[in-house]
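Trainee: Handing you a structure now.
The values are calculated or read from the model by the stated rules, or taken from the named source; none is laboratory data. A quick note: this is a predicted structure, and the numbers were derived from the prediction, not measured. Note that each Cβ is placed from the backbone with ideal geometry, even for glycine, and that neighbours are counted across all protein chains shown.
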Amino acid sequence: MNRSVAPSMASGESLFNPNNIHFTTRNFSTPAYDGNGVLGIVRESYNKWERRVPLTPDQVRELVRQHDYEVIIQPSNKRIFTNKEYKAVGAKVQDDLSSACVILGVKQVEEEKVRGSEGSEA
């Protein structure tokens, strides 16, 4: 496994190499941690200027098509990539992330936002 902190961009090496990511499933006693193969991407809400994303559409495409994951993203008009770009690569766009066993975000995740209780973007 390549553990370099900052790959050389001059060499053309990607910052994301899915071969270096290993997903494991653990059998916890609660259903939320059953390793169901569903990943969620939360809408960023801590900074109104935040446009970064934890996964690009290309990375989502690889997870969906080659690794058989389901990816759900909360809709956002602020992201650097559009909802349409994520849908085009196989992600579901919806507010409710409660079915995801792993939630990804740039900043910390607020539980009420994961459950889809917020109807509109902040």
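Trainee: Give LEU15, LEU63 a once-over and let me know the one that is at pLDDT 85 or above and either part of a loop (DSSP other than H, G, I, E, B) or not charged (D, E, K, R) (or both).
Mentor: LEU63
Trainee: Could you list, in sequence order, all residues of region 35-53 that are surrounded by 16 or more Cβ atoms within 10 Å (Cβ to Cβ) and either small (Gly, Ala, Ser) or outside any strand (DSSP E or B) (or both)?
Mentor: GLY37, GLY40, VAL42, ARG43, GLU44, SER45, GLU50, VAL53
Trainee: May I ask you to list the residues in region 57-90 that are free of Cβ contacts under 8 Å to residues at least 40 places away in the same chain and aliphatic (A, V, I, L, M)?
Mentor: VAL60, VAL64, VAL71, ILE72, ILE73, ILE80, ALA88, VAL89
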